[in-house]
Amino acid sequence: MTMYVVSTFEYSHLLELAITELEERGLTKQQIMAIPLNKKKEQGRFFDTIHQADGISLFDGPAALGTAGMVLGSIYGFIWEWGPIIWGMIGLGSGAVVGFVLDLLIGKRRFFQKRKDNDIQSEVVLIIHCQEQQADMVEQVLWHHLAIGVAKVDKS
């Protein structure tokens with residue numbers, strides 16, 4: 001009975017070593033298929049949509065600093081000439097603008113830092129067509145060479 005063993009690797013020398021070891025253990029080149037995946041070339045969106053969010057919010061900072069500015073404007077507005085309502089609105093607007101600018105600068109740095117940290121050069125899917133008796137050996141070789149994930153699929 002034949003099986004497929006499917007695994008994913010980062011494109012590195014470990015992938016080449018895994019393929020070489022599998023060939024040394026009796027698998028032919030016709031039984032091994034390596035498929036490199038294309039990387040997404042489009043930069044991520046900075047503003048979230050209703051269907052997709054990346055975890056970076058540009059609303060939290062303006063809301064918090066706008067509220068703090070409004071409270072301070074309302075408190076000191078009793079002392080200042082224009083009154084608490086006008087100064088509360090001025091504090092809300094200026095706090096929201098400052099919060100938005102800070103979120104934009106800090107969030108943009110975090111966004112690009114997160115992309116840089118998680119940047120994998122490329123990912124390769126490795127599909128091995130083998131006999132059922134060889135499947136455990138193939139799986140052990142793949143795990144030994146630091147596969148990201150491995151799955152066995154019964155062909156029958």
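Derivation of every value follows stated rules applied to the coordinates shown; laboratory data play no part. A quick note: this is a predicted structure, and the numbers were derived from the prediction, not measured. Cβ atoms come from the backbone with ideal geometry, glycine included; neighbour counts cover every protein chain shown.
Ordering of 27-36, 127-136 by packing is 127-136, 27-36, highest average first (other Cβ atoms within 10 Å, averaged per residue).
Net charge near Val5: determine it from the other residues with C-beta under 9 Å of the C-beta of Val5, scoring Lys and Arg +1 and Asp and Glu -1. Please report the intermediate quantities before stating the final value.
On the way: positive: Lys152; negative: Glu139.
Its environment carries a net charge of 0.
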